[in-house]
Amino acid sequence: MPELNEWSTSRLLTTAARIVEHSWNEKLLSIGITHAGLTTLGVLSREGTMTGVRLAQLVHVQAQTVGRTLDRLEKRGLVTRLRNTADRRSQRITITPAGSKALERAQNIENELMPEDGLASQDLRKRLETVINELGPNKIPAEKE
């Protein structure tokens, strides 16, 4: 392993994030979703039906990126996309019952991968939240209905 003590903090953080995501994807393979799909399902479960633009904002990715994730989730029957009656150019995305079940199964995988006394420690969580709050968008605008 390279001399990690010589790496910048940002390089350590991005490398750790890629390794965690790779580990997630390996474990989530049994459910047929990826980490991006899990994140998307989690937001839809928590926030309810929304447009793809709003979903992309909440997942912190480009609309085009969330679109590819939604294509995969829709093919597996985990989400539905319907034309937005208020704006026919957009779609309303909803998690399905199958998506909720996949999300529940993924939570069990998360508990295995990130035990509370290890990578999910409160100190690490607080530090990561600080990074996100300092470098991420300050405010996600509300969706217009």
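The values are calculated or read from the model by the stated rules, or taken from the named source; none is laboratory data. Quantities reported herein were computed from a predicted structural model and do not represent experimental measurements. Cβ atoms come from the backbone with ideal geometry, glycine included; neighbour counts cover every protein chain shown. Just so you know, the surface numbers come from the protein's heavy atoms only, side chains and all, with ligands and any DNA or RNA stripped out. Shrake-Rupley method; radii C 1.70, N 1.55, O 1.52, S 1.80 Å.
Placing +1 at every Lys and Arg Cβ and -1 at every Asp and Glu Cβ, with all other atoms neutral, what dipole size does the chain have around its Cα centre, in debye to the nearest 20?
Value, rounded to 20: 880 debye.
Could you give each residue of the range 25-33 its phi-based ³J(HN,Hα) in whole Hz, using Karplus coefficients 6.51, -1.76, 1.60 with θ = phi - 60°, and x for Gly or Pro?
So the J values, rounded to whole Hz, are 4, 4, 6, 6, 3, 5, 8, x, 10.
For the range 33-75, restrict the atom set to alpha-carbon positions and state the Rg and Dmax in Å.
9.0, 23
Could you derive backbone 3J(HN,Hα) for the range 6-16 from the dihedral phi with the Karplus parameters 6.51, -1.76 and 1.60 (θ = phi - 60°), listing whole Hz in sequence and x where the residue is Gly or Pro?
8, 6, 6, 4, 5, 5, 4, 5, 5, 5, 4
In nm, give the distance between the simple-model label positions of residue 74 and residue 20, each being 7 Å from the Cα along the Cα-to-Cβ direction.
Placing both labels 7 Å along Cα→Cβ, they lie 3.0 nm apart.
Out of 64, 107, 122, any idea which swings most in a Gaussian network model of the chain, alpha carbons joined below 10 Å?
122
Add -39500 (n - 2.57) for each DSSP H run of 4 or more in the chain, then divide by its residues: what number comes out at 222 nm, to the nearest 500 deg cm²/dmol?
For the chain, the value works out to -19000 deg cm²/dmol.
Using the charge dipole of the chain (Lys, Arg: +1 at Cβ; Asp, Glu: -1 at Cβ; taken about the Cα centre), state which of 17, 7, 33 has its Cα farthest towards the positive end.
Checking the options against the dipole of the chain, the answer is 33.
With the other protein chains left in place, how much accessible area per residue, in square angstrom, belongs to the chain at a 1.4 angstrom probe?
Spelled out: the 1.4 Å probe surface of the chain, per residue, equals 70 Å².
Take the chain, connect every pair of alpha-carbon atoms lying under 10 Å apart with a spring to form a Gaussian network, then pick out the residue of 39, 65, 51 with the largest mean-square fluctuation.
65
Of 51, 85, 61, which is farthest on the positive side of the dipole of the range 41-100, counting Cα position, with +1 on Lys and Arg Cβ, -1 on Asp and Glu Cβ, and the Cα centre as origin?
Going by the Cα projections, it comes out as 85.
Computing the accessible area with a 1.4 Å probe over protein heavy atoms, can you report the carbon and sulfur percentage for the chain?
52 percent
Volume per residue, Å³, of the convex hull around the alpha-carbon atoms of the chain?
133 Å³
How far is helix 97-113 tilted, in degrees, relative to the longest principal axis of the Cα atoms in the chain, given as a value from 0 to 90 rounded to the nearest 10?
Relative to the chain, helix 97-113 is tipped by roughly 0 degrees.
Run the dipole for the range 25-105 about the Cα centre, Lys and Arg Cβ at +1, Asp and Glu Cβ at -1, nothing else charged, and hand back the magnitude in debye, nearest 20.
Computed about the Cα centre, the dipole is about 200 debye.
Mind checking which of 110, 26, 134 has the largest fluctuation in a GNM of the chain, springs on alpha carbons under 10 Å?
Of 110, 26, 134, the most mobile in the Gaussian network model is 134.
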